[in-house]
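The structure appears right after this line, and notes come after that.
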Amino acid sequence: MKNKWIGIALGTIASLAIVSFYYFIPLEVEQEVPKDFEEVVAVDSTENLLYGIDIKGLNIVEGQVKRNQTLSSILSPFNVSFQTIDLIAKKSKEVFDVRKIRSNQKFVVLTPEDSSVAKYFIYEPNPSEFVVFHLDDGDIYKVEKPIELRERQVAGLIQTSLYVDMVKQDVSPELIDLFADLYGWSVDFQSLQKGDKYKVVYKEKIIDGEVVGIEDIQVALFEHKGQEYHAIPFEQNGEWNFFDQNGESLKKAFLRDPVKFTRISSRYNLRRFHPVQKRYKPHLGTDYAAARGTEIRAVGDGTVTHATYHGGNGNYVKIKHNGTYTTQYLHMSKIASGVKAGTRVKQGQVIGYVGSTGLATGPHLCFRFWKNGKQVDWLNEKIPPSEPILKENLVAFEATKSQFMQQLAMIPFPAEQQRLLAKENDQPIIQSTLD
């Protein structure tokens with residue numbers, strides 16, 4: 001059994017090629033794996049299994065897909081016939097479309113030691129799964145890798161911003177976004193103070209020793225201007241939600257922000273100088289500056305009433321949430337697939353992408369909010385919360401709260417941050433802390 005790593009791009013087959021709709025297919029020519037591959041000594045496995053395949057008597061070649069490589073250009077050096085490539089390309093559509101093979105993704109080719117023709121091709125479209133192609137009989141299947149869940153506890157003090165300080169602790173943007181959504185209606189993240197504190201417990205998803213994602217937050221604490229806001233998970237009426245230490249729900253009817261990791265560039269203003277029309281006129285929305293293509297989320301459950309292009313609004317979506325509230329999302333680069341008038345959407349669902357269509361000088365989202373048919377200032381609205389802890393659940397909630405608060409109390413803040421906090425008595429306010 002031999003291991004090889006493909007260290008450079010496979011050479012282009014310049015002659016005798018047949019163009020296919022799916023890929024470039026070479027004629028059947030006996031070839032050798034290029035000599036400039038790096039040879040690696042194989043490490044014997046007690047089980048002799050790789051991707052669930054018995055690799056006894058097989059050579060192993062590992063590589064990464066290069067730019068513009070196709071299934072044919074990957075397999076041609078391993079003497080796989082164009083008939084076989086054509087067969088598996090057509091047969092694999094329901095499992096994995098080979099036209100979606102992407103550069104920089106890992107693949108493995110297994111070849112018998114007594115043959116120059118590859119027997120297996122394995123492709124990893126993402127870190128959590130792989131696709132196995134049996135080149136001899138055309139069998140194709142996808143396998144999900146086993147996921148290990150590992151608890152992680154993070155504690156810190158705000159020195160720059162929530163985003164910057166958490167990233168310094170190797171916290172993923174995905175977790176930061178969940179944390180910001182959790183406290184969006186309790187804490188004003190646009191004006192945090194230096195020295196505000198946070199603690200969060202969550203689980204990371206581990207595959208092959210690498211972190212590939214996270215699970216939902218388990219418990220959290222945020223201290224803002226000396227006031228503590230706990231996030232205690234509790235099941236009520238068959239649904240898990242987070243509650244503060246007083247039993248009030250942290251969940252609201254709407255998300256605090258329709259886009260992630262952004263800043264407010266213009267607020268609701270009845271007399272604003274319009275940057276395009278060059279005159280004073282009411283600005284009845286809230287502008288969120290964000291990069292083109294940033295996902296736009298529905299802030300609450302509802303039914304789409306409009307999803308179209310219109311004049312100064314550009315591409316926009318309008319959602320009726322109930323008899324009281326309606327929201328509108330303007331200047332999209334494009335509307336998300338499947339979003340049209342009559343579509344039911346869920347809170348947090350992607351409905352479009354940030355752009356600058358219509359009357360806009362640059363990419364941003366203009367978010368508008370109606371209450372009882374009148375446009376109002378979204379940032380000043382008192383959004384109704386979900387149901388608090390019911391009286392019959394108070395005893396059980398208190399026991400759950402005590403357990404989680406003890407867990408949070410045992411998580412120390414980093415020593416250096418503790419020193420900085422003790423040193424700074426007058427702590428300046430930090431603005432725009434999600435930037």
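Bear in mind these aren't lab numbers, they're just calculated from the coordinates by the rules spelled out. Quick caveat: nothing in here was measured; it's all calculated off a predicted structure. So basically every Cβ, Gly included, is an ideal-geometry build from the backbone, and we count neighbours across all protein chains shown.
The table for this structure:
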read-out	value
Label-point gap, in nm, between residue 396 and residue 95 - each point 7 angstrom along Cα→Cβ	4.5
Centroid-to-centroid separation of the range 295-316 and the range 122-169 [C-alpha atoms, Å]	32
Placed amide H near residue 301: partners under 5 Å, 5+ positions off or other chain	347
Sites residue 67 and residue 407, calculated FRET efficiency, Cβ-Cβ separation with R0 51 Å, nearest 0.05	0.60
Ranked packing of 92-103, 56-67, 187-198, most packed first, by mean Cβ within 10 Å	187-198, 56-67, 92-103
Listed peptides 358-366, 397-405, 234-242 by packing density, highest first (mean Cβ within 10 Å)	358-366, 397-405, 234-242
Computed E for residue 153/residue 334 - FRET, C-beta separation, R0 30 angstrom, nearest 0.05	0.15
³J(HN,Hα) computed for each position of the range 390-397 - Karplus, 6.51 cos²θ - 1.76 cosθ + 1.60, integer Hz, glycine/proline x	6, 4, 5, 9, 4, 5, 5, 5
In nm, spacing of pseudo-spin labels at residue 324 and residue 129 (7 Å Cα→C-beta vector)	4.1
Built amide H within the under 5 Å cut-off of residue 203, gap 5+	152, 215, 218
Proximal lysines to residue 371, defined as alpha-carbon separation beneath 20 angstrom and excluding residues fewer than eight positions away on the same chain	251, 252, 318, 320, 346, 382
Approximate spin-label separation residue 160-residue 116, in nm, with each point projected 7 Å along Cα-to-Cβ	5.6
Zone of residue 53's modelled label, taken as backbone nitrogen in the range 129-168 under 19 Å from a point 7 Å along Cα→Cβ	129-146
Extension reserve of the residue 346-residue 248 stretch, reckoned as 0.36 nm per residue once the Cα distance is removed	33.0 nm
Under the Debye formula (equal points on every Cα, no solvent term), log10 I(q)/I(0) of the range 94-204 at q = 0.13, 0.19 Å⁻¹	-0.69, -0.97
For residue 145, residues with placed amide H under 5 Å, excluding near neighbours	129, 130
